[in-house]
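*Asks:* Let me give you the structure first, and then I'll get to my questions.
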Amino acid sequence: MQFRERRRVIQVIRTTYDPEVKRGRSEVLGKIDKAAPAVTDKLNKACTPEELAEIASYLANRQNLLRNEAVRAGAETLPAQMRAAAEYFRTHRDEEAKDFAVDIRAAWDELKSALRKAGFAKGKALKKAAQKSAEKAAVAETPAVESVPVEEPAAKAVVEKTVTGKATAAKKAAPAKKPATTKKAPTARKAAVPKRTETAAVALMASNPEVAPEPVVTVPPVVADVKSDAAQ
């Protein structure tokens, strides 16, 4: 079953499968008033016992939820109400204020007992409140510091130191190596070809008699005719 809450009522809906259309059909069986949630006669006649048990379980869970929300709201707004009551008793001392004071004293004793059983004694509560206020002040005064990475050698992690003391590691890529340059092998020097001289030719003929000797031409030195020039 389904329960759909409207502004003032709760609709009780039954969903059945219709093979003709091959999907579920919703049927509203009745309504429940939110101000006075109870099962009406129309619902008793239209619902099966299993459906009536489901309706009762839904209403009980809803009532507990609403009560818990109201209790929490009362605890949340109680400090403001107590301060307003203190202001009231500063200016009122009549019989009506006396009746209020009696009820407040009784409720205050019950509240103190509940606080002690919950572990919120006076000393502990004040100590926790002081610690919270000190922590908030410290957080407000502490300036935000950006994380500074610490450089490490290659193949090691880079650690970032943060304000909270935690550290996160990130891998640092190793620097790229320069390609190795190959040295050129020194080129072999050409053997010097000896010049052919007269001495080399003679040595060649002596070592190989079959080679015909080349004629050696001797050029006489040119002598200037000193006398003829002087005579002229």
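*Asks:* Any chance you could list P(r) for segment 1-75, counting all Cα-Cα pairs in 10 angstrom bins from zero, rounded to whole %?
*Replies:* 17, 44, 25, 11, 2, 0
*Asks:* Can I ask one more? Between residue 132 and residue 98, what length in nm is gained on full extension when 0.36 nm per residue of separation is reduced by their alpha carbon distance?
*Replies:* 8.6 nm
*Asks:* If you don't mind, another one. Can you tell me what the convex hull of the Cα atoms of segment 92-141 projects to on average, as an area in nm²?
*Replies:* The orientation-averaged projected area of the Cα hull of segment 92-141 comes to 5.5 nm².
*Asks:* Once phi is turned into θ = phi - 60°, what whole-Hz ³J(HN,Hα) does the Karplus curve with 6.51, -1.76 and 1.60 give for every residue of segment 27-33, x standing for Gly and Pro?
*Replies:* Once rounded to whole Hz, the list reads 9, 7, 7, x, 10, 10, 6.
*Asks:* Evaluate the charge dipole of segment 92-141 about its Cα centre and quote only its size in Debye, nearest 20, assuming +1 on the Cβ of each Lys and Arg and -1 on the Cβ of each Asp and Glu.
*Replies:* 540 debye
*Asks:* Between residue 106 and residue 38, 0.36 nm times their residue separation minus their Cα-Cα distance comes to what?
*Replies:* 21.0 nm
*Asks:* Strictly over 31 Å apart at the Cα level, which of 22/42; 34/112; 98/136 would you flag in this model?
*Replies:* 34/112; 98/136
*Asks:* Which value in nm describes the separation of the simple spin-label points at residue 59 and residue 89, placed 7 Å from the Cα toward the beta carbon?
*Replies:* 4.2 nm
*Asks:* Under 5 Å between amide H atoms, partner at least 5 residues away or on a different chain: which partners does residue 30 have, H built in plane at 1.01 Å?
*Replies:* Placed amide hydrogens put 12 under 5 Å from residue 30.
Any read-out appearing in this document is the output of simple, stated calculations on the displayed coordinates, not a laboratory observation. Computed from a predicted structure; not experimentally measured. Here Cβ is always computed from backbone atoms with ideal geometry, including for glycine, and neighbour counts include all displayed protein chains.
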